[in-house]
1. Any idea which residue in the range 109-118 is farthest from F85 (Cα to Cα), counting only those that are touching a Gly at 6+ places or on another chain (Cβ under 9 Å) and surrounded by fewer than 17 Cβ atoms within 10 Å (Cβ to Cβ)?
2. Looking only at the range 60-111, which residues are of a type in the set (V, I, T) and either farther than 16 Å from V177 by Cα or touching a strand residue (DSSP E or B) at 6+ places or on another chain (Cβ under 6 Å) (or both)?
3. Does A124 satisfy the criteria of being in contact with a Phe, Trp or Tyr (Cβ under 9 Å, 6 or more places away or on another chain), surrounded by 17 or more Cβ atoms within 10 Å (Cβ to Cβ) and hydrophobic (A, V, I, L, M, F, W, C)?
4. Here are some conditions: (1) on the phi < 0 side of the Ramachandran plot; (2) more than 31 Å from the chain's Cα centre (by Cα); (3) at pLDDT 85 or above. G253 meets all but one. Which one does it not meet?
5. Taking the range 88-108, which residues are surrounded by 15 or more Cβ atoms within 10 Å (Cβ to Cβ) and either in contact with a Ser or Thr (Cβ under 6 Å, 6 or more places away or on another chain) or in a loop (DSSP other than H, G, I, E, B) (or both)?
6. Name every residue in the range 167-202 that is in a strand (DSSP E or B), more than 30 Å from E94 (Cβ to Cβ) and touching a Lys or Arg at 6+ places or on another chain (Cβ under 8 Å), in order of residue number.
7. Out of everything in the range 172-210 that is in contact with a Pro (Cβ under 6 Å, 6 or more places away or on another chain) and buried (at least 21 other Cβ atoms within 10 Å of the Cβ), what residue ends up being nearest to W259 (Cα to Cα)?
8. Out of the range 58-86, which residues are outside any helix (DSSP H, G or I) and over 19 Å from D170 (Cβ atoms)?
Amino acid sequence: MKRILLGVVLVLCVGWGIFVGRRDRLFPPIAASSISRIMVPSATPALPSYSPSSPLSPSALTSSQRWKKFLKEYGAELKPEFSRFGQLLSIRGEMGIGKPGAPDFRPEESQKVIARAEEVLLSARSLLGIQSELPLKNVAVKGSPFAAQVFFSESYQGLPIRPGGNIKVDLGTQGEVLGVDSDYVSKVILVNRILLSSEDALLRVQSIFKNDSASLLRPSAAEQIIWVKGLEGRYAYSFLAKGYQVIMDAETGKVLSSWDRKQY
């Protein structure tokens, strides 16, 4: 019996040795360095750090964050209207509710009114989509002891944008924001050239109205403008003839728009 048991043990030991030898040939051991390469992923680029104590740059702020910042500066009661593209179209406030301007603000003093309106536009610049290549010029002011309005007109390459391109700022007696209205054009792509002189354009306007009562009055001198539809801008001439406003393409002479101003 003992001999049988010893024989079984011997057979098992020999079999185990054969198995281990074949296993090492079929599945060689993995080096520790290889394990480290498999288990440890390659280093990923570090994310930029952000310190809560350092303010975000305007470009890094979202529209919502910009608007909250504006409210903090001018009054939490202000109500905005945005376009479907996120561009600010208008702001509505109330007399005596928003945050006031400088202590010496007077709505009847043009320089102080303009300075306050420019301050408002600077704060809302990114919300309104104002671009450095499309500056606001030709400032006009209407003031009284009770309120003031400031009108800004947009230009491109020194030429006024039409139609649109206007921003109006309404201010209360203390410089609080009563309203902002904007149809500012934030991007213009010019698609034509200036081939017609203003004199040639004038002759074409006269020929258009030769059988109309408007021809009784010589058309006004041409105003050179940028006529914008969507993002497309065209060099154009604007004429006023006997109450008719005529917009003519400065390259082709085609009438881009016309209307009877007596009806507006």
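The values are calculated or read from the model by the stated rules, or taken from the named source; none is laboratory data. Owing to the predicted nature of the structure, the values given are computational and were not obtained by experimental measurement. Cβ: placed from backbone, ideal geometry, glycine included. Neighbour counts: every protein chain shown.
1. Among them, the one singled out is E109.
2. Within the range 60-111, the first condition is being of a type in the set (V, I, T), and the residues that meet it are 62, 91, 97.
T62, I91, listed by residue number.
3. Values: in contact with a Phe, Trp or Tyr (Cβ under 9 Å, 6 or more places away or on another chain): yes; surrounded by 17 or more Cβ atoms within 10 Å (Cβ to Cβ): yes; hydrophobic (A, V, I, L, M, F, W, C): yes.
Against the criterion (in contact with a Phe, Trp or Tyr (Cβ under 9 Å, 6 or more places away or on another chain), surrounded by 17 or more Cβ atoms within 10 Å (Cβ to Cβ) and hydrophobic (A, V, I, L, M, F, W, C)), A124 qualifies.
4. (1)
5. Matches in the range 88-108: L89, G93, E94, G98, K99, P100, G101, F105, R106, P107.
6. Taking the range 167-202 first, the residues in a strand (DSSP E or B) are 167-171, 177-182, 189-190.
Okay, now just the ones that are also more than 30 Å from E94 (Cβ to Cβ), so 189-190.
Within the range 167-202, just L190 meets the criteria.
7. V205
8. Quick first cut of the range 58-86, residues outside any helix (DSSP H, G or I) only: 61-62, 75-86.
Selection gives L61, T62, S83, R84, F85, G86.
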